[in-house]
Amino acid sequence: MAILVQDNNAGIKFPIDKQCMRIGRGAENEICIDDDLVSKEHAQIEVVLRSEKDAQVDYILQDLNSTNHTFVNDKPVSLYKLSNGDVIRIGVNNFRFVDDNDGGLDETSRLYKTWIPGVFYTGNKK
């Protein structure tokens with residue numbers, strides 16, 4: 001799963017759990033930022049299927065013609081494919097993009113019950 005971590009607010013995490021997440025000052029956005037430098041609808045992150053066979057996805061950041069622009073790694077962007085560790089700046093707010101799967105969707109694991117109450121294992125032995 002991919003998340004955005006807001007650096008200046010003690011690491012608030014926003015999981016990217018929808019196909020499209022809007023970021024802006026307006027209350028109707030999935031990520032609402034109370035900052036006068038942020039447009040009402042500032043940017044969006046869209047999850048795009050890269051390879052159905054391998055269940056790989058890309059995360060695309062798009063600036064929505066905002067007044068003060070969207071920056072990734074201190075460069076203004078209009079459309080940008082995010083990579084693990086990218087720093088997104090919207091207004092005075094910094095977010096770090098974290099993709100634990102590097103674009104892959106989680107596989108469903110089968111859980112097995114042990115004789116110890118409340119203890120389960122996945123069967124993956126490494």
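A short reminder: the numbers here are calculations on the coordinates, not readings from a lab. Because the structure is predicted, anything quoted here is derived from the model rather than measured. Positions of Cβ are backbone-derived with ideal geometry, glycine not excepted, and every protein chain shown enters the neighbour counts.
Can you tell me the FRET efficiency between V87 and A27 if r is taken as the Cβ-Cβ distance and R0 is 25 Å, rounded to the nearest 0.05?
It comes to 0.45.
Which order, highest average first, do 91-100, 47-56 follow once you tally other Cβ atoms within 10 Å for each residue and take the mean per peptide? List each step's numbers first, then the result.
Values: 91-100: 17.7, 47-56: 11.7.
Result, highest mean first: 91-100, 47-56.
Sorting check: for 67-79, 30-42, which peptide has the highest mean count of neighbouring beta carbons within 10 Å, and how do the rest follow?
Values: 67-79: 14.3, 30-42: 16.8.
Going from most to least packed, we get 30-42, 67-79.
Remind me, relative contact order of the stretch 1-100 in percent, using alpha carbon pairs under 8 angstrom and six or more residues apart? Please list the in-between numbers first.
On the way: 237 pairs, mean separation 25.4, N = 100.
Reported relative contact order: 25 percent.
Per 5 Å bin, what is the whole-percent P(r) computed from every C-alpha pair distance within the stretch 37-84?
Reading upward from the zero bin: 5, 21, 24, 21, 13, 8, 5, 2, 0.
Please compute the net charge surrounding P76, taking Lys and Arg as +1 and Asp and Glu as -1 over other residues with Cβ under 13 Å from its Cβ.
Details: positive: K75, R89; negative: D63, D74.
Charge balance in the 13 Å sphere: 0.
Ratio of alpha-carbon Rg to the 2.2 N^0.38 Å globular estimate for the stretch 1-95, to two decimals, please. Mind showing how you got there, number by number?
Details: Rg = 12.9 Å, N = 95, 2.2 N^0.38 = 12.4 Å.
Expressed relative to 2.2 N^0.38 Å, the Cα Rg reads 1.04.
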